[in-house]
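The next block holds one structure in the form of structure tokens; read it before the comments.
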Amino acid sequence: MLPGDCRRARFQAMSGVTVHQTLSKLLRRGRLLAGYNRPLVLMYHRVGEPLVDPWELSVSPQNFARQIEILTKARDIVPLQWLAQRLRDGKPPRNAAAVTFDDGYADVVQNAVPIMLRMNAPVTVFVTTHALTDPSVFWWDILSRITLETPALPERLAIQIAGRNYDWLVTEDATRAKSNLAISRTALHFGLHALLKPLRVHERKRALQQLARWAGTDASPRTRDRAMTHSELRHLADTDGVSIGAHTCTHPSLPLLKRDNLEREISASRQQCEEITGRRVAGFAYPFGDFDDSTAKAVRSAGMDYAVTTLPREAGPRVDPFRLPRVTVADWGEIEFRRTVLCHG
Ligand SMILES: [Zn+2]
């Protein structure tokens with residue numbers, strides 16, 4: 001291709017993008033003028049103020065209260081199960097929003113649900129069932145405590161994870177370091193997270209114990225990172241406006257699992273939620289937002305009515321009920337919340 005053709009092709013490609021963006025904006029403006037907003041599902045994890053929060057999973061109680069207040073004025077907050085049913089029936093409601101929490105942290109019971117109740121807003125909580133009794137299930141919190149909260153880490157980390165050797169020099173400022181083994185604490189945290197995520201539970205526990213020994217600490221979780229207990233979950237399920245959904249037993253990345261294990265994670269977590277709450281569980285959230293065709297099919301075959309992803313957009317008219325999109329909300333004040341969440345098109 002000649003340089004002139006290249007420029008023309010690039011211009012045409014850019015024009016295509018620009019035309020598409022302009023059309024999307026016009027369509028969205030048209031929907032806004034007509035008072036028609038597509039359904040929006042929000043994803044939260046925690047309400048609290050942790051010391052470190054590398055994945056931005058926590059929203060402060062003040063910001064959360066303000067966000068829900070803004071949302072109640074801008075949209076009708078509806079139960080997710082009702083919204084999913086309307087979408088399945090091809091009758092998307094105007095201007096609806098649903099609020100969800102993933103994982104089943106205790107601070108949702110302590111801090112988030114009282115705010116939702118005060119504002120008369122329904123909420124769905126997707127629970128990782130083994131975390132109710134095993135605090136090591138939320139392993140990412142243990143990892144962040146070891147890597148980001150230990151006051152002084154040893155400089156050299158040589159570790160074997162899943163049969164591979166890794167060697168790093170941990171430094172506060174990796175950009176100035178001369179060695180190509182140099183890595184910042186934050187980069188180390190995210191690198192280790194990526195390595196630990198696909199491991200089996202016992203392999204991950206072993207790796208976390210090695211890391212804890214290296215850091216001069218142990219592999220226990222922080223108390224404030226605990227999941228809700230059985231009785232808290234039972235009480236939550238009995239609260240008006242609160243629905244419970246399943247989020248697997250051990251929070252694996254589902255597309256990595258073999259079929260038996262995949263089916264067990266989905267069905268057993270649903271069954272445990274139903275046994276504890278005494279209510280039918282109709283919804284499912286994919287851990288880490290990871291799913292593929294087989295995963296979505298397995299959730300449907302398990303008898304669920306819907307499943308939520310982390311695809312960040314509003315729900316279009318022909319949305320698959322087992323691929324419902326959700327918009328992640330972080331610890332944003334009013335301006336950022338309006339700009340990022342309420343302007344989704
Ligand atoms: Zn999760």
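Read-outs: derived from the displayed coordinates by stated rules, not from any lab. Quantities reported herein were computed from a predicted structural model and do not represent experimental measurements. Glycine gets a Cβ as well: all are built from the backbone with ideal geometry, and neighbour counts include every protein chain shown.
See the values below:
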read-out	value
The chain: DSSP helices with Cα axial extent of at least 30 Å and average Kyte-Doolittle hydropathy no lower than -0.5	3-33
The range 139-215, Rg to Rh (Cα coordinates; Rh as Kirkwood inverse mean 1/r)	0.94
Helix-only CD estimate at 222 nm, as mean residue ellipticity for the chain, using -39500 (n - 2.57) per DSSP H run (n ≥ 4)	-12000 deg cm²/dmol
Average projection area in nm² (convex hull over Cα atoms of the chain, one quarter of hull surface)	21.5 nm²
Residues whose placed amide H lies under 5 Å from that of residue 101, excluding near-sequence neighbours	44, 124, 125, 126
Assigned charges on the beta-carbon of Lys, Arg, Asp, Glu; the range 139-215 dipole about Cα centre (debye)	280 debye
Trypsin sites (Lys or Arg not before Pro) restricted to the range 237-345 and DSSP loop, no more than 11 other C-beta within 10 Å	258, 318
Placed amide H near residue 41: partners under 5 Å, 5+ positions off or other chain	98, 315, 327
For the range 226-339, alpha-carbon Rg and Dmax in angstrom	15.2, 46
Dipole of the range 139-215, positive direction: furthest Cα of 153, 191, 170, with charges on the beta-carbon	191
